[in-house]
Amino acid sequence: MGTNPRKENDSDKPKNETGKKKVQKLKAKNMEETLKRIEEAEAAADSSKIHRSFRVPTIVMMKYGSLSEDGGSVSESGSDQSKLSEDEDVVQSSDGDNPTGACDEDNDHSSGDGVIEADDGDNYHGEDSHGESDDSREVVEESDSSEDEVAPRNTVGNVPLEWYKDEEHIGYDLAGKKIKKKERQSKLDSFLASVDDSKNWRKIYDEYNDEEVELTKDETKLIGRLLKGKAPHADFDPYAPYVDWFKWDGAKHPISNAPEPKKTFHSFKVLRYVRAIRKGLIKFDDKPKEESRLYALWDDSSSAERQGLAYIPAPKPKLPGVLAIRSQFINIDPESLKPKLPSRKDLKPYPTTCYLEYKGHKGPVMTISTEPTGQWIASGSKDGTVRIWEVETGRCLRIWDLGENIDQVAWNPLPELPMLAVAAGHDVFILNTRCGSDEQQKKIEELLHVEPQMATEDSGQYDWGQDDRHGGIRLKHFKTVTKVEWHRKGDYLSTLMPSDILFRAMNALIGSVCSIRESRSVLIHQLSKRLTQRIPFKTKGIPVSTAFHPTRSIFFTATKKDVRVYDLLKQKLIKKLEAGVREISSIAIHPGGDNAIVGSRDGKLCWFDMDLSSRPYRVLRCHPKDITGVAYHRSYPLFASCSDDCTTYVFHGMVYSDLNQNPLIVPLEILRGHSRVMDCKFHPRQPWLFTAGADSLIKLYCH
Amino acid sequence: MDIDENGGAGDVSSRQVQVRFVTKLKPPYKVPQASISIPANLTRFGLSALVNNLLQAANEDWNAEPFDFLIDGELVRMSLEEFLLAKGISAEKVLEIEYFKAVAPRKEEEPSLHDDWVSAVDGSNDGYILTGCYDGFGRIWRAAGICTHELDGHSGPVTSVCNVMPKAAESSIDQIVATASKDRTLRLWKFGVEESLDQPKKIRAFKILRGHTAAVQSIAAEPSGDMVCSGSWDCSVNLWNINASDSDGGLVSVKKRRKGGEDEEPQSEGEALTTLVGHTQCVSSVVWPQRGTIYSASWDHSVRRWDVETGKDSLNIFCGKAINCLDIGGESSALIAAGGSDPVIRIWDPRKPGTLSPIFQFSSHNSWISSCKWHRKSWFHLVSASYDGKVMLWDLRTAWPLAVIDTHKDKVLSADWWKHDSVISGGADSKLRISSGISVQ
């Protein structure tokens, strides 16, 4: 809208000059165009007052004449606006020393271009009231508006006036003629003139056009109102009564003018989108459309599209994977997470190398036992022989051929009674090794001498008989004995017949009463009195191994599932150790008595701290196959496990007297060399380990 | 000369060293003192051939003899060039090489067969060899295969034997020997050397020393021959008085025993004078090198020196391994050599202040050391026996064994020097083997 008046104005300028008529014609055309637009604009302007107040001044001026028929407030306001715009222009062009106070006198145009003055004249109201329009008026109006642009004469444009300071002219008019500078009055004359002229305060010098402009009374008033921040026109009523254009009848509910809350909009829209997506109305075309990667290189049409190098996207940064996350969050050296174990070097001595072999057995060596002083060892083999070996030289000192599979040999723990208990088949032999001195021999012979009648007097099932061929006692059992264990005092020994349980089960199937035989699988024999008794408590499950406590009268029975600890004096169960392994195969008690190791058929080695818990303190999964034997060293902090997988593991197992300190377990050495290791025992005094193999050898590993 | 020509030929390829051969050997073994130039890449074998050639040049019917060479107190065990480099000896000067006959057995005697394992040998008397056997007999061998006496009486394997008066060997008619056995006793025997019989004569002990409560492992006699000491599985070292000369003086009990109508023999029994207590495990070896000092080695990993007068141990060397054998000898009879439950022979010098770590360690064996003995004359030579079936000769001046005797088919249980030029050894193959012709300076 703003452009139209300018055009008109441009065309309107040469009023005084030549070509007025042409311009007027042009003007008339333009006016018609603009009228239409104004009408539209008016409609728009009505919609908001704000618009109105700002826009109207420039618009309505043009309506001035043509819309006079509309009459009423619109035209009035339009004239007001035109006034305003005039004033503004004047203000802009003048130097701002203009009057601020109210001016009483009417305006009289003294100088300047006639048109303007005539326009600015008193006939404002007349115009309004008449509403007439003629050419002159139009011209007047035009000139009015044209004065907005201030440059009716000078066409130099927006250049610094200093450029013309030294020239005689101040610029050029439309026709290109120079506009001469006016003759300047001397300062004195002008001062005197100003003093004389009472209207002088209303005069403004227009430097650009080199002329003086005198403001009218209305103009000064208007300026005064503007300066006060009021509506420029005096007739404009900012508090006009509100005209409600909306038709309320029929509307049941009041229509809120408040904007819709963002929340509802959001959820509503989102819901709609979600539904649309679900229904498949909206499809995401994530994949970029494939452009054929091949193109005619020399094709003109395509070359217009593709200029320069093909776009090569930068490689995408790698998404953070598991490793990145780990490195981000767990920035710990894995070595530092390992438990701080002492070095193996510091834990010497322990068995490492095999130096001695004890050769002689013809079959797999099933069991070995060391003499308490460490001078001899005894071994039992599947070839039916029991042998005694000299430790230091590997010489076989004595052989007993018992003719049965030897399951267990055990030296009497008393050094002064070098006797050997042997479990062979259904029998338990107590043999005199003849290793002791003469007095010891006598004592042993006395011990091992069984009166024939005594044997008959004894309970029929356990036959204490003399065995002259082997020089010892033969204890007949009715089932295969697998374990023989001496009590530490060397008088009692326990025997284990696991098959008795099966026997009982068989009996139970048949239906016979078998409660008497309940715990006959474990028997305790007293050598000095030739007594045999069952353990005075019930056992559950099939016992696989037994052990005496090294210092107290406590008895351990290992069944396949757990280890039961009995007090022999109080005759009751003290504790049950849950190994949590498939099948227990062997057990060894720490010489201190508070710890035990249990080997299992699934290759696990469980260390129990019996003060700590009935669950294993440590479970060592070291063997891939059955563990066949476990052993503690009597004095060194060592323990070992041997297995069917041909290896024997040696561990450091330190038990501290301080109850707060848990046992320290360090794996030390893997000993190899056997085909299958059936048993292992430590030398009682040296850090040496004897292992019995299925290759009918016994090996001694030294430190 | 051939060698010189050879040397000239080798000149192109290798460096030359100016050497002069010196020796302490007697004249037929002496070579001219002049310095000669030899190739630097010669080894001991080359040097030996060179010396033999030199000797042959002087003496027409010279039989080649292996020599060993000593430079700056170290035996040459590599090429001369490497040796000089390793020792930082200048090759510019005239090098003085001392040579002596190589210490190696030149002759292997016929093995002397036993009925069982030979557990102990003693060659301290030049006139005979004393052996102990697992069958319970001690035996006296005049030479290889010639057994003169059988010492009959022990009921268990003999574990250790010793000559009680080796110094008085030549003069006396009656020799006294002592044996220790696993039957917990020590026995003293007397026999005449010069009796030569077709059949070995069985003799009985004139004295039985009882007191140990477990197998006796080792026995040693005082140099003067008045006392013996013994180490046993009962962890003690017992001292015994012999009193061979004065008959039955302070004896506790006297038995007269008649056996099969043979000559009746007085058999006396004795008790221990003193017991040296301190070891905590089997005392596996005792040595009595000087009048007042006893050395003992034990399975409790220690070597102790006992003062006989006070009965206290004045030195305690901790070894870390169970020790099986011990001997005192070497430089001024002060070095301790011991071997045990590992393949290392350790040699300590107790005179060395401040430290108790071994000064030499020889570890060419593969199994336990069962025996080690110093040469009685030489300060440098040792013989050792091991369960790996080998007997090795050692010189302190080199880390490699001088010679390895591996004629035994099984464990060697004992070894000793005999007559200063032979090594005798007995083992689990029930044989006594004599390797003779060892020339130790």
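I need the full set of residues from the stretch B:336-347 which are within 17 Å of B:ALA399 (Cβ to Cβ), surrounded by 24 or more Cβ atoms within 10 Å (Cβ to Cβ) and away from every other protein chain (no Cβ under 14 Å), in order please.
B:ALA337, B:ILE345, B:ARG346
Quick one: is A:SER519 more than 58 Å from the chain's Cα centre (by Cα) and either modelled with pLDDT of 85 or more or assigned to a loop (DSSP other than H, G, I, E, B) (or both)?
In short, yes.
Go through the residues of the stretch B:102-118 one by one and say whether even a single one is part of a strand (DSSP E or B) and crowded, with 24+ Cβ neighbours inside 10 Å.
Looking through the stretch B:102-118, at least one residue is part of a strand (DSSP E or B) and crowded, with 24+ Cβ neighbours inside 10 Å.
Kindly indicate which of B:ILE434, B:ILE369 is under 19 Å from B:SER112 (Cα atoms), touching a strand residue (DSSP E or B) at 6+ places or on another chain (Cβ under 7 Å), buried (at least 24 other Cβ atoms within 10 Å of the Cβ) and aliphatic (A, V, I, L, M).
After applying the criteria, what remains is B:ILE434.
Among the candidates A:THR373, A:THR433, which residue alone is within 11 Å of chain B (Cβ to nearest Cβ) and among the hydroxyl-bearing types (Ser, Thr, Tyr)?
One residue alone meets the criteria, A:THR373.
Quick one: which residue in A:GLU416, A:GLU357 is touching a Leu at 6+ places or on another chain (Cβ under 6 Å), within 14 Å of chain B (Cβ to nearest Cβ), of a type in the set (Asp, Glu) and surrounded by fewer than 19 Cβ atoms within 10 Å (Cβ to Cβ)?
Result: A:GLU357 is the single residue among A:GLU416, A:GLU357 that is touching a Leu at 6+ places or on another chain (Cβ under 6 Å), within 14 Å of chain B (Cβ to nearest Cβ), of a type in the set (Asp, Glu) and surrounded by fewer than 19 Cβ atoms within 10 Å (Cβ to Cβ).
Mind checking which residues of the stretch B:348-368 are within 14 Å of chain A (Cβ to nearest Cβ) and closer than 17 Å to B:ASP395 by Cα?
Correct list: B:SER363, B:HIS365.
Listed here are the residues, each with its yes/no results for (1) within 14 Å of another protein chain (Cβ to nearest Cβ); (2) crowded, with 20+ Cβ neighbours inside 10 Å; (3) hydroxyl-bearing (Ser, Thr, Tyr).
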| position | (1), (2), (3) |
| --- | --- |
| A:THR648 | no, yes, yes |
| A:PHE651 | no, yes, no |
| A:LEU659 | no, no, no |
| A:ASN662 | no, no, no |
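Within the stretch A:664-703, can you find the residues that are part of a loop (DSSP other than H, G, I, E, B), crowded, with 21+ Cβ neighbours inside 10 Å and among the charged types (D, E, K, R)?
A:ARG685
If you go through the stretch B:139-162, how many residues are buried (at least 20 other Cβ atoms within 10 Å of the Cβ) and either out of contact with any strand residue (DSSP E or B) (no Cβ under 6 Å at 6 or more places or on another chain) or under 18 Å from B:SER285 (Cβ atoms) (or both)?
6
Kindly evaluate B:TRP394 against the criterion of being closer than 18 Å to B:SER124 by Cβ and away from every other protein chain (no Cβ under 14 Å).
no
B:SER414 passes all but one of (1) surrounded by fewer than 24 Cβ atoms within 10 Å (Cβ to Cβ); (2) within 14 Å of chain A (Cβ to nearest Cβ); which number fails?
(1)
Which condition does A:ARG685 not pass, out of (1) out of contact with any strand residue (DSSP E or B) (no Cβ under 9 Å at 6 or more places or on another chain); (2) more than 14 Å from every other protein chain (Cβ to nearest Cβ), if it passes all the others?
(2)
Scan the stretch A:618-632 residue by residue and report those that are in contact with a Gly (Cβ under 6 Å, 6 or more places away or on another chain) and crowded, with 19+ Cβ neighbours inside 10 Å.
Scanning the stretch A:618-632 gives A:HIS623, A:ILE627, A:VAL630.
Being under 19 Å from B:LEU186 (Cα atoms), among the aliphatic types (A, V, I, L, M) and either part of a loop (DSSP other than H, G, I, E, B) or modelled with pLDDT under 85 (or both) is the filter here, so list the residues in the stretch B:138-167 that pass it.
B:VAL164, B:MET165
Got at least one residue in the stretch B:66-73 being surrounded by fewer than 16 Cβ atoms within 10 Å (Cβ to Cβ) and either more than 18 Å from the chain's Cα centre (by Cα) or at pLDDT 85 or above (or both)?
Yes.
Could you check the stretch A:272-293 and list, in sequence order, the residues that are modelled with pLDDT of 75 or more and not charged (D, E, K, R)?
A:TYR273, A:VAL274, A:ALA276, A:ILE277, A:GLY280, A:LEU281, A:ILE282, A:PHE284
Regarding B:ASP135, is this residue over 30 Å from B:ASN63 (Cβ atoms) and either more than 14 Å from every other protein chain (Cβ to nearest Cβ) or at pLDDT below 85 (or both)?
no
Just to be sure I understand the filter: pairs with C-beta atoms under 6 Å, separated by 6 or more residues or on different chains, first member in the stretch A:371-384 and closer than 19 Å to A:ILE430 by Cβ and surrounded by fewer than 23 Cβ atoms within 10 Å (Cβ to Cβ), second member modelled with pLDDT under 90 and aliphatic (A, V, I, L, M). Which pairs pass?
A:GLY384/A:LEU402
The values are calculated or read from the model by the stated rules, or taken from the named source; none is laboratory data. Treat the numbers as computed from the prediction; the structure is a model and nothing was measured. Here Cβ is always computed from backbone atoms with ideal geometry, including for glycine, and neighbour counts include all displayed protein chains.
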